[in-house]
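Student: Mind looking over this structure? Questions follow.
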Amino acid sequence: MATQMRNDRGEGRDAWILAGIGQLATMDGDVNHGQGAGFRIAAADSLLIADGTIRAIGRAADLTARFPDATVRDAGGRLVTPGLVDAHTHLLYAGHRAYEVGLRAVGKTYLEILGEGGGILATVRATRAADDGEILAATRARLRHALATGTTTVEIKTGYDLTPEGELRLLRLIHQLRQEGPQRVVATFLGAHALPPEYAGNPRGFLQAIAAVHDALRGAADFVDIFCEPGVFELEEARVYLEDAKARGLKLKVHVDELHDAGGAALAAALGAATADHLAHTGAEGIRALAKAGTVAVLLPGTAGYLHQGAMANARAMLAAGVPVAIASDGNPGSSPTSSLSQVMPWAASWLRMTPEEVWVAVTRVGARAVGREGLGRLTVGGPADFVIWDTDDYRMPCYEYGHNFVRAVYIAGRRVAGS
Ligand SMILES: [Zn+2]
């Protein structure tokens, strides 16, 4: 049990010390020297935690001498990192699409399945038909798995109703999940996820109908997003839609260049979007635009690998150009059926050719920037005590061995919320 902290400033209650850390990866290095330089192993082996924040980082002997009443827990020589920030998910939906596995096996593409009323539209039918309780229960289970595999902050998008009122209902459910915790939840409005059958042949009419609720999103949605791809919403349609959202003071994210290089990265940069996501086909021009604008690239290697359509984002060119690269799960029922960001880390290393240091910064610090929560994703004095104890003494292991959950325990605001 934690005890009252006695210190010279008289601050804090329930102080405790996490001692015996083998590798303390703080992610607070200088990213001006490259994304990998943001990864840093501290010389310290202990954290002092009180009131949900990190109050000191140091050697165990020093911290226990300074705070003799603090309870000490032993990390057993294990790796400790910031909690993972999953900056791109679609975890709020009903049903599943396991039947698509067989369709893809016989050669149907993602867009063909969508064109035949499957894909996103199948999940839209299931989600429209489900009551709030069903959707919440299914999403809570996904969030529990995300937590158990190290995700402490998660962005969740709407997008499986595709009516203005229905999308606002999904946004309210995301807020309910945020209230319940324990994870920190970021809400993104993706009413423009796909064209519903009611608007077949009329994407502009649909986008106008969805944009009519943009005013209601102020203070309710952290971001507005659109799926910009030839055959779904074209570049010009996306531009008009996003300009409307921006004019109403909303922050932007964009799904672009997943299946073709259609100039989506340049659009995201020109509009000052916080992030451009997917980017599997983005070429040199788009990468230059992202670098110049400071737009975060949110790469989703699990999706590109799962769809197995040949292209992976050119992460090396993006990192070389100075584009901040986040890695996210894209957890969704079609193209990336997972709720675990840590399980995607080996794919970022292997398929995107990112170093373990770059991957760690991508799933913590840059992920936090991608969701507008820059205080998260790092372990700093005064910062939130969101961290994970991993069952390894080598930070490279979670980027190396796939299919293994290395998480030993997860803490949010200094409180253990998963593991032991
Ligand atoms: Zn997505």
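Student: Starting from residues that are assigned to a helix (DSSP H, G or I) and touching an Asp or Glu at 6+ places or on another chain (Cβ under 9 Å), keep the ones in region 64-109 and report whichever is farthest from Arg128 (Cα to Cα).
Tutor: Looking at residues that are assigned to a helix (DSSP H, G or I) and touching an Asp or Glu at 6+ places or on another chain (Cβ under 9 Å), I get Arg66.
Student: Looking at (1) under 30 Å from Pro346 (Cα atoms); (2) modelled with pLDDT of 95 or more, can you tell me which one Glu229 breaks?
Tutor: Evaluating Glu229 over (1) under 30 Å from Pro346 (Cα atoms); (2) modelled with pLDDT of 95 or more leaves (2) as the failure.
Student: Please name all residue pairs, on different chains or six or more residues apart, with Cβ atoms under 6 Å, provided the first residue is in region 193-209 and is within 16 Å of Tyr160 (Cβ to Cβ) and the second residue is buried (at least 18 other Cβ atoms within 10 Å of the Cβ) and β-branched (Val, Ile, Thr).
Tutor: Once the first residue is within 16 Å of Tyr160 (Cβ to Cβ) and sits in region 193-209, its partners that are buried (at least 18 other Cβ atoms within 10 Å of the Cβ) and β-branched (Val, Ile, Thr) give Ala194/Ile120.
Student: Out of curiosity, is Arg125 away from the ligand (no atom under 16 Å from the Cβ) and out of contact with any helix residue (DSSP H, G or I) (no Cβ under 8 Å at 6 or more places or on another chain)?
Tutor: yes
Student: Looking only at region 337-351, which residues are more than 25 Å from Ile287 (Cβ to Cβ) and outside any loop (DSSP other than H, G, I, E, B)?
Tutor: Of everything in region 337-351, those that are more than 25 Å from Ile287 (Cβ to Cβ) and outside any loop (DSSP other than H, G, I, E, B) turn out to be Ser342, Gln343.
Student: Among the residues that make up region 156-171, is at least one of them assigned to a helix (DSSP H, G or I), under 25 Å from Leu300 (Cα atoms), among the charged types (D, E, K, R) and modelled with pLDDT of 95 or more? Can you show your working first?
Tutor: Here is the first cut: in region 156-171, the ones assigned to a helix (DSSP H, G or I) are 164-171.
Narrowing the set further to residues that are under 25 Å from Leu300 (Cα atoms) leaves 167, 170-171.
This time we only want the ones that are among the charged types (D, E, K, R), so: 167.
Add one more test, that the residue is modelled with pLDDT of 95 or more, and what stays is 167.
Taking every residue of region 156-171 in turn, at least one turns out to be assigned to a helix (DSSP H, G or I), under 25 Å from Leu300 (Cα atoms), among the charged types (D, E, K, R) and modelled with pLDDT of 95 or more.
The values are calculated or read from the model by the stated rules, or taken from the named source; none is laboratory data. Since the model is a prediction, treat every value here as computed from it, not as a measurement. We place every Cβ from the backbone using ideal geometry, glycine too, and count neighbours over all the protein chains shown.
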